[in-house]
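Shown next, in structure tokens, is the structure this report addresses.
The values are calculated or read from the model by the stated rules, or taken from the named source; none is laboratory data. Note that the structure is predicted; figures quoted are calculated from it, not measured. As a convention, Cβ positions derive from the backbone with ideal geometry for all residues, glycine included, and neighbour counts pool all protein chains shown. Protein only, heavy atoms only, side chains kept; ligands, DNA and RNA dropped before computing areas. Shrake-Rupley method; radii C 1.70, N 1.55, O 1.52, S 1.80 Å.
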Amino acid sequence: MNAFVNQLFDLTGQRVLVTGASSGLGLHFAKTLVAAGARVAVAARRVDRLRDLVSDLCFEGHDARAYTLDVTSRQSVIECLDAIESDFGGLDVVVNNAGVSDTKRVLEYDDQDWQVIVDTNLKGAWMVAQESARRMVDSGRGGSLINVTSILSSRVGGGVGPYCAAKAGLSHLTRSMALELARHDIRVNSIAPGYIVTEINDAFLSSEAGERLRARVPSRRFCASSDLDGALLLLASKAGRGMTGSEIVVDGGHACAGL
Ligand code: NAD
């Protein structure tokens, strides 16, 4: 690749945390980031689920380590970031990827469902971003925070009310944090994926209902995890140094489908 482009997106030596990296997009993000040269800290509630990923990445010669993290617990967030700081000396980029969803009618959701979804997608992302930002400010090195939202943060879908609310909150929180953290050279942006094929939704997206959904996507295709690579590397690297408070939508045009 052209040396100028290579240099622009290069993450050599950058220390990156990916939350919820044991499956789906988080696992893919970790692989993409190390391929660009990053040293990666992958975190999940069950650290044993990260073992294969870390051993594969280390076998390929990358610097990758696994940490226990439950984003819904302030204590767990602090302990995870302490452990990363003692191993890596700090963090330059944080990918706030951990998230959960559920599908029920508005009338069927109970308070416990609401709490799990909002605590993980919104409060969890807030606590990880806030605690990471405190450390970035103390280090004086700045950094980049990348929140994974959804096209459901701006559009709505049936059965996912609390998820829509949490992702809309995270989308706006991104801009609010960007405003206050810019003076510390910390950029805060988000990636809003459309329906991305992962092992978890593969069966649904290839079903008849999935086909009907695909027919409403202007590009007539669901994106793959790798379609997010450009947005991720842009926001993580100095290629995106002028960007903060932005949301990059990667959805094959789904969010702008005609009414
Ligand atoms: P996924 O279920 O494979 O990944 C979510 C990860 O978050 C899992 O590894 C899970 O263990 C982890 N997680 C959940 N609760 C956690 C907690 N309390 N603490 C730490 N980790 C926790 O699903 P995915 O599709 O890879 O989703 C990744 C992110 O992308 C989520 O934020 C999701 O909302 C968002 N997203 C996904 C799609 C899609 O189509 N796949 C579309 C839009 C947005």
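Summary of computed values
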item: Evaluation of GLY194 against (1) more than 23 Å from GLY99 (Cα to Cα); (2) under 14 Å from the mean Cα position of the chain (by Cα) (one fails), failing number; result: (1)
item: Check on ILE248, within 20 Å of THR19 (Cβ to Cβ), more than 10 Å from the ligand (Cβ to nearest atom) and not in a helix (DSSP H, G or I); result: yes
item: Members of region 13-51 that are open to solvent by less than 40 Å² (accessible area, probe 1.4 Å), in contact with a strand residue (DSSP E or B) (Cβ under 7 Å, 6 or more places away or on another chain) and part of a helix (DSSP H, G or I); result: LEU25, GLY26, PHE29, ALA30, LEU33, VAL34, LEU50
item: Condition met for VAL118 (more than 13 Å from the ligand (Cβ to nearest atom) and more than 28 Å from ALA224 (Cβ to Cβ)); result: no
item: Answer residue from region 146-173, given it is more than 24 Å from GLY210 (Cβ to Cβ) and near the ligand (Cβ under 9 Å from one of its atoms) and is surrounded by the fewest Cβ atoms within 10 Å (Cβ to Cβ) among those; result: LEU170
item: Residue in region 52-59 that is away from the ligand (no atom under 15 Å from the Cβ) and buried (at least 19 other Cβ atoms within 10 Å of the Cβ) present; result: yes
item: All positions within region 113-160 that are out of contact with any strand residue (DSSP E or B) (no Cβ under 9 Å at 6 or more places or on another chain), among the charged types (D, E, K, R) and in a helix (DSSP H, G or I); result: ASP113, ASP119, LYS123, GLU131, ARG134, ASP138
item: Test result for THR68, under 28 Å from LYS167 (Cα atoms) and at pLDDT below 95; result: no
item: The one condition in (1) more than 20 Å from PHE29 (Cβ to Cβ); (2) in contact with a Gly (Cβ under 9 Å, 6 or more places away or on another chain) that SER225 fails to fulfil; result: (1)
item: Unmet requirement for VAL249, which otherwise passes all of (1) farther than 13 Å from THR149 by Cβ; (2) open to solvent by 70 Å² or more (accessible area, probe 1.4 Å); result: (1)
item: Residue satisfying all of: in region 60-72; among the hydrophobic types (A, V, I, L, M, F, W, C) and not in a loop (DSSP other than H, G, I, E, B); nearest to the ligand (Cβ to nearest atom) among these; result: ALA66
item: Only listed residue being more than 20 Å from GLY24 (Cβ to Cβ) and buried (at least 23 other Cβ atoms within 10 Å of the Cβ), chosen from GLY143, GLY99, GLY124, GLY89; result: GLY143
item: Condition met for THR32 (modelled with pLDDT of 95 or more and either closer than 25 Å to CYS223 by Cα or touching a Pro at 6+ places or on another chain (Cβ under 7 Å) (or both)); result: yes
item: Scan of region 205-241 for residues that are open to solvent by 80 Å² or more (accessible area, probe 1.4 Å) and within 23 Å of the chain's Cα centre (by Cα), ordered by number; result: ARG221, LYS238, ARG241
item: Criterion (open to solvent by 70 Å² or more (accessible area, probe 1.4 Å), within 11 Å of the ligand (Cβ to nearest atom) and either under 24 Å from ASP119 (Cβ atoms) or more than 15 Å from the chain's Cα centre (by Cα) (or both)) met by exactly one of ASP185, ASP202; result: ASP202
item: Some residue of region 77-86 being of a type in the set (Gly, Ala, Ser) and either within 12 Å of the ligand (Cβ to nearest atom) or open to solvent by less than 20 Å² (accessible area, probe 1.4 Å) (or both); result: no
item: Selection count where residues are part of a strand (DSSP E or B) and open to solvent by 50 Å² or more (accessible area, probe 1.4 Å), scope region 188-199; result: 1
